[in-house]
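Colleague: Please read through the structure below; I'll follow up with questions.
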Amino acid sequence: MDIIHVQHPLSSIYTAEAEPCLLALGFFDGVHLGHQELVNLAKRIAKQQKLKLAVMTIFAHPKQIIENDQKPQTYITPLEQKVKLMQDLGVDTLIVVNFDSAFANLSPSDFIEDYLCVKCKHAVAGFDFRYGHNGEGNMKTLKIEGKRFLEVTEMKKFEIDHEKVSSTKLRNLIGKGRFADIPSYLGSYFESQGTIDSEDNQHVIVTLSEAFLTPPPGVYLIEIHTEGNVHEGIAHQIMDGSFQGSWH
């Protein structure tokens, strides 16, 4: 899978080298079952139309620019993990747009002209996809303004037990420590990464990466994957003086 990092305004090199593609649009934090359904829908259409499958996402979190939130942002799936999941889904190209003030202030029309008219033949997004300054663009405007340049497919709301599958839902489950419920929406158990601070035959202390959402204090059944080995255990999630999460 090719990974392309772009920043507004797009360089002439990117526009010259871009290949015709089908483009799936979204933030994709979590790459949950709804996201997977969208990517698989895009993959089926790309195969039918003999186009490469590209996914466009953004980094960092829009809150840091739109709300001027200077706190370190946490993710269900930080960019490194998102890259791996997109590769597993069969994406040909992942386009990562740097979300800065210049990109955030793009008008909906300019977003279409600058980012979708560059070799995008077909765009696929969820029913609630927003784009452009203050999220003024939506699927209705994308279909109207984009029809001169490309086809647009809207994926309907993806629900499980009459409830929308969303990153917000997963964040709430993680925040409440309801990890047994997460596979129903994520398709797998919640994962985090960290650094082993100390270990012996029975005990390991791991400082969790600040990029991941941190589980609340509690006791959890876990698996640790390290250096090709898998260990089952019980983790005590504690908070140290800096409020950084640690697994004991």
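Colleague: Relative contact order (percent) for the chain, with alpha-carbon contacts under 8 angstrom and 6 or more residues of separation?
Modeller: RCO, the chain: 19 percent.
Colleague: List the residues, sorted by chain then number, that are 5 or more residues from I95 or on another chain and whose placed amide H is less than 5 Å from its amide H.
Modeller: Excluding prolines and chain starts, which carry no amide H, the hits are I4, V55, M56, T57.
Colleague: Here's a follow-up. Please compute the contact order of the stretch 1-137 in relative form: average sequence separation of alpha-carbon pairs under 8 Å and at least six residues apart, divided by the residue count, as a percent.
Modeller: Worked out over the stretch 1-137, it gives 39 percent.
Colleague: Follow-up. Calculate the dipole size of the chain relative to its Cα centre from +1 charges on Lys and Arg beta carbons and -1 charges on Asp and Glu beta carbons; express the result in debye to the nearest 20. Don't skip to the end; give the middle numbers.
Modeller: Working: 23 positive and 32 negative charges, 245 e Å.
Using Cβ point charges on Lys, Arg, Asp and Glu, the chain gives about 1180 debye.
Colleague: If you don't mind, there's one more thing I want to ask. Tell me, how many Å apart are the Cα centres for the stretch 155-207 and for the stretch 45-113?
Modeller: Taking the Cα centre of each part, the stretch 155-207 and the stretch 45-113 sit 21 Å apart.
Colleague: Whole number in Å², please: accessible area per residue of the stretch 102-248, 1.4 Å probe, ligands, DNA and RNA not counted. Please list the in-between numbers first.
Modeller: Details: 8980 Å² over 147 residues.
Counting only protein heavy atoms, the per-residue value for the stretch 102-248 is 61 Å².
Colleague: What does the net charge come to around Y75 if you take all other residues with beta carbon closer than 11 Å to its beta carbon, with K and R at +1 and D and E at -1?
Modeller: Net of charged neighbours comes to -1.
Colleague: Against the 2.2 N^0.38 Å scaling, with N counting residues, where does the stretch 2-76 land? I'd like the Cα-based Rg ratio to two decimal places.
Modeller: My calculation over the Cα atoms of the stretch 2-76 gives 1.32.
Colleague: If you roll a 1.4 Å probe over the chain with all protein chains in place, what percent of the accessible area is carbon or sulfur?
Modeller: 50 percent
Colleague: Specify the residue with the greatest mean-square fluctuation among G137, G187, G228, computed from a Gaussian network of the chain linking alpha-carbon atoms under 10 Å apart.
Modeller: G228
Colleague: What share of Cα pairs, in percent, lie more than 11 angstrom apart in the stretch 72-117?
Modeller: The answer is 75 percent, as a whole percent.
Colleague: With runs of 4+ DSSP H residues as the only contributors, calculate the mean residue ellipticity of the chain at 222 nm using -39,500 (n - 2.57) per run, divided by the residue total and rounded to the nearest 500.
Modeller: Numbers: 9 runs with 65 residues, N = 248.
That comes out to -6500 deg cm²/dmol.
Colleague: Further, regarding this structure: Taking each pair of different alpha-carbon atoms in the stretch 1-142 once, compute 1/r for the pair, average those values, and report the inverse of that mean as the Kirkwood hydrodynamic radius in Å to one decimal.
Modeller: 15.4 Å
Colleague: Continuing with this model, one more query. Considering only N68, A102, V83, whose Cα is most displaced toward the positive end of the charge dipole of the stretch 29-107, charges sitting on Cβ of Lys, Arg (+1) and Asp, Glu (-1)?
Modeller: Value: V83.
Colleague: Normalized C-alpha radius of gyration of the stretch 141-248, against 2.2 N^0.38 Å?
Modeller: 1.48
Colleague: Express as a percent, rounded to the nearest 5, the fraction of DSSP beta bridges in the chain (both residues included) that run antiparallel.
Modeller: 45 percent
Colleague: What are the principal axis extents of the Cα atoms in the stretch 81-221, in Å, biggest first?
Modeller: Answer, in whole Å and largest first: 64, 35, 30 Å.
Colleague: Next question. What percent do you get for the relative contact order of the stretch 104-188 when only Cα pairs under 8 Å and 6+ apart count?
Modeller: 25 percent
Colleague: At 25 °C and 0.890 mPa s, grab the translational diffusion coefficient of the chain from Stokes-Einstein with a Kirkwood Rh over Cα pairs, rounded to a whole number in µm² per second.
Modeller: 125 µm²/s
Colleague: For the stretch 76-91, just list the computed ³J(HN,Hα) in residue order, Karplus coefficients 6.51, -1.76 and 1.60, θ = phi - 60°, integers in Hz, with x standing in for Gly and Pro.
Modeller: For the stretch 76-91, the Karplus-derived couplings read 5, 10, x, 3, 4, 6, 4, 4, 4, 5, 5, 5, 5, 7, x, 6 Hz, x marking Gly and Pro.
Colleague: Taking H placed 1.01 Å from N in the peptide plane, check which residues at least 5 places from E151 or on another chain put their amide H under 5 Å from its amide H.
Modeller: Excluding prolines and chain starts, which carry no amide H, the hits are H122, A123.
The values are calculated or read from the model by the stated rules, or taken from the named source; none is laboratory data. The structure displayed is predicted, hence computed values, not measured ones. Quick reminder, even Gly has a Cβ in these numbers, built from the backbone with ideal geometry, and neighbours come from all protein chains shown. Keep in mind that these areas ignore ligands, DNA and RNA; they rest on the heavy atoms of the full protein, side chains included. Shrake-Rupley method; radii C 1.70, N 1.55, O 1.52, S 1.80 Å.
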